[in-house]
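**Student:** This structure is in structure tokens; I'll ask about it shortly.
What follows draws every value from the coordinates through simple rules; no lab data is involved. Owing to the predicted nature of the structure, the values given are computational and were not obtained by experimental measurement. Methodologically, a virtual Cβ is constructed for each residue, glycine included, from the backbone with ideal geometry; neighbour enumeration extends over all protein chains shown.
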Amino acid sequence: MTASSVLLGVNIDHVAFIKKSRETSYPDLVQTVKLCEKSGADSITIHLREDRRHIQDHDAVLIRQHCKKLNFEMANTNEMITFALELKPDFCCFVPENRDEKTTEGGLALNKMTKIQEKSFKKDIERLKQAGIEVSLFIDPDEEIVKKTKELGATSVELHTGQYAIEYESNNHQSEFKKLKDAARLANNLSLKVNAGHGLNYKNLQQILKLPHLNELNIGHAIIAESVFIGLDDAIKKIKRIIDNSD
Ligand code: PXP
């Protein structure tokens, strides 16, 4: 896949965060979705967290009605699986969730699951797939975890780029990048779609676009932060230009 065909998923949790922080009706999330799509987002990502710190249940329902492609991030809980089966997003991405974290801090600990947990997770993934939802697992770039993703029946991996992003700040990211590259190759060999995200920004994105077999990038915080200065439309177009010019 060439970099220019890499899709962009825009995570709008941070817009919902502003709305939730004052319990106001603005910023309007449907307007946000429409603007993101018009500016070049290929899909919209939201994460309905257990503590409802940004996106609310009714926001998710409204966004589903108005967006072309929805990627729904969620923890592996009965509550969320039931919600997702009703919401019917195009994609579900399972992520680990921890109440005290500022944001998702790492990939799913698939290597620490018991056989019973694996069996139950497999069943849940199958239920979502039967409902026509593509299922992705947010994982660290690790060979065993990529293999486990396949065994569990997911259709895609979302490779966690958070550690790469941290190391990039001290120009020490090459070994993290290699892990991501190896994991992307393995996932593709196993017929898993390769997505990536977390901590990506206008600088560290360039090298990530060199990952083989990349299907989609999910980016939120950096786009919303940049929109403070240049507006959401230009912030998305600026990311799209980096993606399109990186062949
Ligand atoms: N992918 C996943 C699975 C995430 O949990 C997040 C953060 O919500 C992102 C991508 C986007 O990360 P960022 O906001 O740092 O771009």
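**Student:** Which ones in segment 201-224 are part of a helix (DSSP H, G or I), in contact (Cβ under 8 Å) with a residue 40 or more places away in the chain and under 16 Å from Phe17 (Cβ atoms)?
**Tutor:** His221, Ile223, Ile224
**Student:** Here's another thing I want to ask about it. Mind listing just one residue for me: the one in segment 20-48 that is of a type in the set (D, E, K, R) and away from the ligand (no atom under 16 Å from the Cβ) and, of those, surrounded by the most Cβ atoms within 10 Å (Cβ to Cβ)?
**Tutor:** Initially, segment 20-48 is screened for residues of a type in the set (D, E, K, R), giving 20, 22-23, 28, 34, 37-38, 42.
Among the residues that remain, those that are also away from the ligand (no atom under 16 Å from the Cβ) are: 22-23, 28, 34, 37-38.
Numbers: Arg22: 8, Glu23: 6, Asp28: 14, Lys34: 15, Glu37: 18, Lys38: 11.
Filtering segment 20-48 for residues that are of a type in the set (D, E, K, R) and away from the ligand (no atom under 16 Å from the Cβ), the one surrounded by the most Cβ atoms within 10 Å (Cβ to Cβ) comes out as Glu37.
**Student:** What is the residue count in segment 104-119 for residues that are surrounded by fewer than 16 Cβ atoms within 10 Å (Cβ to Cβ) and within 10 Å of the ligand (Cβ to nearest atom)?
**Tutor:** 1
**Student:** State whether the residues of segment 157-175 include one that is within 30 Å of Lys123 (Cα to Cα), touching a Cys at 6+ places or on another chain (Cβ under 7 Å) and either within 12 Å of the ligand (Cβ to nearest atom) or β-branched (Val, Ile, Thr) (or both).
**Tutor:** yes
**Student:** Checking Leu108 against (1) aliphatic (A, V, I, L, M); (2) assigned to a helix (DSSP H, G or I); (3) within 18 Å of the chain's Cα centre (by Cα), which single condition isn't satisfied?
**Tutor:** (2)
**Student:** Next question, about the same structure. Restricting to segment 204-237, and then to whatever is farther than 16 Å from Cys36 by Cβ and either of a type in the set (Asp, Glu) or within 13 Å of the ligand (Cβ to nearest atom) (or both), can you tell me which residue is surrounded by the most Cβ atoms within 10 Å (Cβ to Cβ)?
**Tutor:** In this case the residue turns out to be Ile208.
**Student:** Pick out the one residue from Leu152, Leu137 that is under 22 Å from Lys178 (Cβ atoms), in contact with a Phe, Trp or Tyr (Cβ under 8 Å, 6 or more places away or on another chain) and not aromatic (Phe, Trp, Tyr).
**Tutor:** Leu137
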